[in-house]
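The values are calculated or read from the model by the stated rules, or taken from the named source; none is laboratory data. Please read these numbers as outputs of a predicted model, since none were measured by experiment. Here Cβ is always computed from backbone atoms with ideal geometry, including for glycine, and neighbour counts include all displayed protein chains.
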Amino acid sequence: MTIYLTAATIAAAAAAYVSATLIAALIARTHFPLPPTQRRIGCIDGLRGYVALSVLIHHFIFWMQVTRFWGNWEAPHVNVFNQFGAGGVALFFMTTGFVFYPRVLDGFRACAWPAIYTTRLFRIVPLVVASVAIITIIIAMRTGGGLDRGFPIAALQWITTWDEPPLLGYPDSGRLNAYVLWSLWHEWMFYLIVLPACALAMDLIRGRLPSWLVPVTLLVMAVVARLLYLPGSILRYLPLFAIGMIAFECHRREWFARALRTPRAAIAAALALGLGMIAAPTPYTFAMPLFGFFFTCVACGNDMGGLLRTKSALILGECSYGIYLLHGILLSLLFVDAAQVVGSIAIDRLPILLPLAAVTIVLVTPVTYLLIERPAIRIGRNVSQRWTRQRLRTDAPELEVAP
């Protein structure tokens with residue numbers, strides 16, 4: 001990319017954040033449902049939407065490369081552009097570690113694991129199913145074909161996030177959602193393996209050693225495993241989950257959290273995030289502590305000058321999963337199905353479409369949240385409560401009747 005196009009893309013990215021925030025402010029006037037204040041921890045809810053928008057910006061740049069430059073679906077050569085995606089996912093993984101660390105603190109025996117996995121199943125899968133259905137319809141319209149024998153197995157691989165093989169024989173089907181399901185696969189690995197293992201470790205050290213040793217040990221083990229080049233993609237992301245857990249430990253210590261909520265800490269956090277995005281192509285090396293410091297400040301309640309406590313930020317946060325999962329479809333429609341129109345725009349003016357894409361996805365995802373995500377969350381919560389009540393009845397001691 002030329003210097004001019006790079007600057008134009010950065011300006012367009014800034015405009016995308018602003019435009020999305022303004023649209024969310026309008027949506028707030030419709031009394032869009034938000035979680036009660038007491039259910040929020042730190043300012044994580046206000047951060048998630050902007051992180052999801054960052055991933056949209058990242059993949060918009062991918063499509064610019066594919067359609068206007070060398071044609072390969074690969075990481076951008078500009079560090080900031082790649083960090084919009086890689087750094088954004090890193091913050092999502094930190095959020096997962098942070099949000100689920102209370103389960104670790106409870107310990108393995110205290111957790112109702114069927115209830116936990118039920119809520120995760122209903123939180124993640126319904127929108128994935130909807131996205132796969134939309135992608136299938138788009139492919140069928142592009143090719144004029146119908147379902148084939150291999151579709152059920154291929155669709156099941158998508159829904160379980162195991163892989164994204166071609167649907168209906170359509171090459172590079174994964175581009176329709178920007179291949180985002182890989183991160184959900186690692187989320188499942190965290191839920192199924194890392195979370196219960198850490199909860200079991202907490203039971204083993206309870207009363208003997210401080211709780212923070214569990215996430216710190218996880219962080220050290222993951223870093224050492226990576227330095228030894230041990231196999232397993234999950235090792236690349238384990239430090240991020242561990243940082244999220246450590247951030248919760250910081251949040252629990254009010255004297256420490258108070259220091260990270262100050263305006264000076266906000267400036268330092270913003271500088272750390274900016275430096276991490278500029279100096280490194282990914283957040284997995286020396287930039288990791290910079291991303292971790294920024295995240296810990298937000299997790300401890302630093303609202304970054306009030307931005308992350310606004311209703312706009314909270315609405316974007318509620319819609320963040322939809323933004324993350326569906327933005328690829330929007331971009332594919334834009335650059336493939338509307339290719340004739342988009343192709344007529346000069347390359348140096350192409351970034352102007354980025355704010356328009358951000359506005360569109362922010363208008364669409366509140367609908368999918370209300371129609372798909374929110375009802376599924378309620379069903380999952382109801383089912384999990386039944387699991388919990390059943391467990392309490394099972395664990396309750398039998399009362400002896402006096403003779």
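Filtering segment 285-314 to residues that are assigned to a helix (DSSP H, G or I) and charged (D, E, K, R) leaves Arg309, Lys311. Would you call Thr161 β-branched (Val, Ile, Thr) and either in contact with a helix residue (DSSP H, G or I) (Cβ under 8 Å, 6 or more places away or on another chain) or surrounded by 13 or more Cβ atoms within 10 Å (Cβ to Cβ) (or both)? Considered against the rule, which asks whether it is β-branched (Val, Ile, Thr) and either in contact with a helix residue (DSSP H, G or I) (Cβ under 8 Å, 6 or more places away or on another chain) or surrounded by 13 or more Cβ atoms within 10 Å (Cβ to Cβ) (or both), Thr161 comes out as yes. Kindly indicate whether Arg253 is more than 16 Å from Pro289 (Cα to Cα), surrounded by 16 or more Cβ atoms within 10 Å (Cβ to Cβ) and of a type outside the set (Gly, Ala, Ser). In short, no. For segment 129-141, check the following and say yes or no: at least one residue is of a type outside the set (Phe, Trp, Tyr), at pLDDT 95 or above, within 17 Å of the chain's Cα centre (by Cα) and part of a helix (DSSP H, G or I). Yes, there is a match, as at least one residue in segment 129-141 is of a type outside the set (Phe, Trp, Tyr), at pLDDT 95 or above, within 17 Å of the chain's Cα centre (by Cα) and part of a helix (DSSP H, G or I). Only a single item in (1) buried (at least 16 other Cβ atoms within 10 Å of the Cβ); (2) among the charged types (D, E, K, R); (3) part of a loop (DSSP other than H, G, I, E, B) is not met by Asp148, and it is number (1). A residue that is modelled with pLDDT under 95, under 20 Å from the mean Cα position of the chain (by Cα) and either among the aliphatic types (A, V, I, L, M) or assigned to a helix (DSSP H, G or I) (or both) can be found somewhere in segment 109-116. Within segment 100-131, restricting attention to residues that are more than 20 Å from Ile44 (Cα to Cα) and hydroxyl-bearing (Ser, Thr, Tyr), the residue that is surrounded by the fewest Cβ atoms within 10 Å (Cβ to Cβ) is Tyr117.
Restricting segment 21-74 to residues that are in a loop (DSSP other than H, G, I, E, B) and surrounded by 20 or more Cβ atoms within 10 Å (Cβ to Cβ) leaves a set whose member that is modelled with the lowest pLDDT is Gly42.
For segment 78-110, a residue qualifies if it is in contact (Cβ under 8 Å) with a residue 60 or more places away in the chain and under 17 Å from Ala13 (Cβ atoms), and the qualifying residues are Val78, Asn79, Val80, Phe81, Asn82, Gln83, Phe84, Ala86, Gly87, Val89, Leu91. Within this structure, Ser211 fails the test of being touching a residue at least 60 places away in the same chain (Cβ under 8 Å), among the hydroxyl-bearing types (Ser, Thr, Tyr), closer than 19 Å to Met94 by Cβ and not in a loop (DSSP other than H, G, I, E, B). Regarding segment 394-403, can at least one residue be identified that is part of a helix (DSSP H, G or I) and at pLDDT below 95? Within segment 394-403, one or more residues are part of a helix (DSSP H, G or I) and at pLDDT below 95.
Restricting attention to segment 173-208, which residues are surrounded by 17 or more Cβ atoms within 10 Å (Cβ to Cβ) and part of a loop (DSSP other than H, G, I, E, B)? Those that are surrounded by 17 or more Cβ atoms within 10 Å (Cβ to Cβ) and part of a loop (DSSP other than H, G, I, E, B): Ala178, Val180. The residues in segment 30-49 that are more than 24 Å from Glu249 (Cα to Cα) and in contact with a Phe, Trp or Tyr (Cβ under 7 Å, 6 or more places away or on another chain) can be counted, and the count is 0. Here are some conditions: (1) modelled with pLDDT of 95 or more; (2) surrounded by 13 or more Cβ atoms within 10 Å (Cβ to Cβ). Gln385 meets all but one. Which one does it not meet? Failed condition: (1). Right, Phe256: in contact with a Pro (Cβ under 8 Å, 6 or more places away or on another chain), touching a residue at least 24 places away in the same chain (Cβ under 8 Å) and not charged (D, E, K, R) or not? Against the criterion (in contact with a Pro (Cβ under 8 Å, 6 or more places away or on another chain), touching a residue at least 24 places away in the same chain (Cβ under 8 Å) and not charged (D, E, K, R)), Phe256 does not qualify. Restricting attention to segment 357-369 and to residues that are under 15 Å from Pro33 (Cα atoms) and without any contact (Cβ under 8 Å) to a residue 60 or more places away in the chain, the residue that is surrounded by the fewest Cβ atoms within 10 Å (Cβ to Cβ) turns out to be Val367. Can you work out which of the residues in segment 214-258 that are basic (Lys, Arg) and assigned to a helix (DSSP H, G or I) is modelled with the lowest pLDDT? The selected residue is Arg226.
Take the conditions (1) at pLDDT 95 or above; (2) surrounded by 12 or more Cβ atoms within 10 Å (Cβ to Cβ); Arg264 misses just one of them, which is (2).
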